[in-house]
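The structure appears right after this line, and notes come after that.
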Amino acid sequence: QVQLVESGGGLVQAGGSLRLSCAASGRTVRGKAMGWFRQAPGKEREFVAAINWSGGTTDYADSVKGRFAISRDNAKNTVFLQMNSLKPEDTAVYSCAARSDLDIYYYAKGYDYWGQGTQVTVSS
């Protein structure tokens, strides 16, 4: 089993930055691809970013490309999401997820472990 705990969310003004962390415990996530998803009130959960097992491959939703950066520190069993130039439409609960596969994946159904999420609110 893998337990994931997100942190770093909060309230920020438009144009600001936040850095989310996802700490894994239990089994290592070293051999697992990781992803970040978000869900805004009244909307479906959507893909934000993903990173492969080594950190060598990343990809992003078009809506965050150029503003967000996903990274990982396998020695610390942690994944990060650096969010810059935040917009009010980025407001959502952000959740990290791990999948029992090396490669990135864009759909929530492909992930086996999920954190509880952290709230990000961007004011205009």
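The values are calculated or read from the model by the stated rules, or taken from the named source; none is laboratory data. All values reported here derive from a predicted model rather than from experimental measurement. Every residue, glycine as well, gets a Cβ built from its backbone with ideal geometry; the counts of neighbours run over all protein chains shown. For accessibility, only protein heavy atoms count, side chains too; no ligands or nucleic acids. Shrake-Rupley method; radii C 1.70, N 1.55, O 1.52, S 1.80 Å.
Here are the numbers for the structure shown:
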{"read-out": "Any hit, the stretch 35-43, residues being within 16 Å of Val120 (Cβ to Cβ), open to solvent by less than 40 Å² (accessible area, probe 1.4 Å) and basic (Lys, Arg)", "value": "yes"}
{"read-out": "Residue in the stretch 75-87 that is in contact with a helix residue (DSSP H, G or I) (Cβ under 9 Å, 6 or more places away or on another chain), among the basic types (Lys, Arg) and open to solvent by 30 Å² or more (accessible area, probe 1.4 Å) present", "value": "no"}
{"read-out": "Flag if Asn52 is among the polar types (S, T, N, Q) and open to solvent by less than 20 Å² (accessible area, probe 1.4 Å)", "value": "yes"}
{"read-out": "Any hit, the stretch 16-27, residues being touching a helix residue (DSSP H, G or I) at 6+ places or on another chain (Cβ under 6 Å), within 25 Å of Gly56 (Cβ to Cβ) and open to solvent by 60 Å² or more (accessible area, probe 1.4 Å)", "value": "no"}
{"read-out": "In the stretch 66-92, the residues that are closer than 11 Å to Cys22 by Cβ and touching a residue at least 60 places away in the same chain (Cβ under 8 Å)", "value": "Phe80, Leu81"}
{"read-out": "The stretch 1-23, subset touching a Phe, Trp or Tyr at 6+ places or on another chain (Cβ under 8 Å) and hydrophobic (A, V, I, L, M, F, W, C), residue modelled with the lowest pLDDT", "value": "Val2"}
{"read-out": "Inter-residue pairs, beta-carbon under 8 Å, first within 16 Å of Arg38 (Cα to Cα) and in contact (Cβ under 8 Å) with a residue 40 or more places away in the chain and in the stretch 8-26, second in a strand (DSSP E or B) and among the acidic types (Asp, Glu), 6+ apart", "value": "Leu20/Glu6; Ser21/Glu6; Cys22/Glu6"}
